[in-house]
């Protein structure tokens, strides 16, 4: 008799890597592959700052290779506290270092939400949240970002989705996959909703230093020091070290309201021992050290973003809002078929690997795909030219009666 897997795994999907099942089969045929699917700067022309590597190497040589304290080393947590102060976050109650921001998110959701309850998740949004939601057997409760308003969260939709089983609101800012940057007005309304309905806000700010066009990032927790907020950050994106798996959570707000919840978080932190010890020594080096790499990174991303938006918007049947931060674009497909079909055929025909928009969630009736504009300009130009040629053929073959943009 077969061993039956747990029911909680049935709906766990991760489109960013799941799409590689198709791509791997195409690659076996010898076709040139152009991967625009994974937000890993280090597989392109970006490198981890040397002073962070040296700090980690020094820690290893000094034998900081055993277990760390469950919440992280004191130097690392002190550095994150200084970063919180720079972000304008007051009433900091706890700070903990985790195996990537992903573990922090998983721990904080696990400590808060019971089976049958729900969290408001941004749609489109990072699929980790829906995967954890499935694992915890929560009720789906997506809220939509407004594409016509630069992908800002729809406050009216959030209001309508809050019910007596809602425990938290998630905001990813800057957003993955759309690259939007939330306005102060939006953040203020979110905070007010959380306070009125006794909700925790999870503020995923992992891309907060990767903003273009002089955009300002406003940390949600800085809006009101009484609001119950957990701010997530890490070394993966801003500091170009995704494989190090170092992230953190900053708990802020009213201590009386959050006391029991913080203890629940720490129970889980203690039970899993610690995150990677020597790499915690890179946190002060990163946050308090030389930030000059960011100037080059943002300049590269801006050039590649501009190319992305210009070339995609020149393609009949595709339209693309301008990303303001991170390194993703979420173009809209004006097609009758679903985006899974479009993307699968694109990969088979051209070797260009993108991710269907349905893997991130999207408003019903709309179709999108996500791409990363991390590759160099030559690679991007080749990929976008292939997408343009393919889209024309796709419309002729499948979309004869559809309405283009």
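Quick notes on this structure:
Yes/no per residue for (1) outside any strand (DSSP E or B); (2) touching a helix residue (DSSP H, G or I) at 6+ places or on another chain (Cβ under 9 Å); (3) surrounded by fewer than 24 Cβ atoms within 10 Å (Cβ to Cβ); (4) not assigned by TED's automatic domain parsing to the domain that holds residue 276:
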residue: 156; (1), (2), (3), (4): yes, no, yes, no
residue: 163; (1), (2), (3), (4): yes, no, yes, no
residue: 168; (1), (2), (3), (4): no, yes, yes, no
residue: 175; (1), (2), (3), (4): yes, no, no, no
residue: 192; (1), (2), (3), (4): yes, no, yes, no
residue: 207; (1), (2), (3), (4): yes, no, no, no
residue: 216; (1), (2), (3), (4): yes, yes, yes, no
residue: 238; (1), (2), (3), (4): yes, yes, yes, no
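Yes/no per residue for (1) at pLDDT 95 or above; (2) surrounded by 21 or more Cβ atoms within 10 Å (Cβ to Cβ); (3) outside the structural domain of residue 205 (by TED's automatic domain parsing):
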{"residue": "284", "(1), (2), (3)": "yes, no, no"}
{"residue": "296", "(1), (2), (3)": "yes, no, yes"}
{"residue": "300", "(1), (2), (3)": "yes, no, yes"}
{"residue": "329", "(1), (2), (3)": "yes, yes, yes"}
{"residue": "332", "(1), (2), (3)": "yes, no, yes"}
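- If you check 130, 121 for being buried (at least 18 other Cβ atoms within 10 Å of the Cβ), under 20 Å from the mean Cα position of the chain (by Cα) and under 21 Å from residue 332 (Cα atoms), only one passes: 121.
- Taking the criterion of being in a loop (DSSP other than H, G, I, E, B), out of contact with any helix residue (DSSP H, G or I) (no Cβ under 6 Å at 6 or more places or on another chain) and in contact (Cβ under 8 Å) with a residue 24 or more places away in the chain, the residues of the range 361-380 that qualify are 361, 362, 363, 366, 375, 376.
- Within the range 302-318, the residues that satisfy the criterion of being out of contact with any strand residue (DSSP E or B) (no Cβ under 8 Å at 6 or more places or on another chain) and surrounded by 17 or more Cβ atoms within 10 Å (Cβ to Cβ) are 304, 311, 315.
- Being surrounded by fewer than 20 Cβ atoms within 10 Å (Cβ to Cβ) and in the same structural domain as residue 38 (by TED's automatic domain parsing) is a property that does not hold for residue 391.
- Residues that are in contact (Cβ under 8 Å) with a residue 60 or more places away in the chain, out of contact with any strand residue (DSSP E or B) (no Cβ under 6 Å at 6 or more places or on another chain) and in a loop (DSSP other than H, G, I, E, B), drawn from the range 54-75: 64, 65, 66, 67, 68, 69, 70, 73
- Within the range 329-351, one or more residues are within 21 Å of the chain's Cα centre (by Cα), closer than 19 Å to residue 212 by Cβ and assigned to a loop (DSSP other than H, G, I, E, B).
- Any hit, the range 315-327, residues being at negative phi, in contact with a helix residue (DSSP H, G or I) (Cβ under 6 Å, 6 or more places away or on another chain) and in a helix (DSSP H, G or I): no
- Filtering the range 54-65 for residues that are under 27 Å from residue 222 (Cβ atoms) and surrounded by 16 or more Cβ atoms within 10 Å (Cβ to Cβ) leaves an empty set.
- For residue 22, the requirement of being modelled with pLDDT under 95, within 30 Å of residue 340 (Cα to Cα) and not in a loop (DSSP other than H, G, I, E, B) is met.
- A count restricted to the range 44-53 and to residues that are part of a helix (DSSP H, G or I), surrounded by fewer than 17 Cβ atoms within 10 Å (Cβ to Cβ) and touching a residue at least 60 places away in the same chain (Cβ under 8 Å) stands at 2.
The values are calculated or read from the model by the stated rules, or taken from the named source; none is laboratory data. Bear in mind the structure is a predicted one, so any value in this text is a computation, not a measurement. Neighbour counts are summed over all protein chains in view; Cβ atoms, including those assigned to glycine, are modelled from backbone coordinates with ideal geometry.
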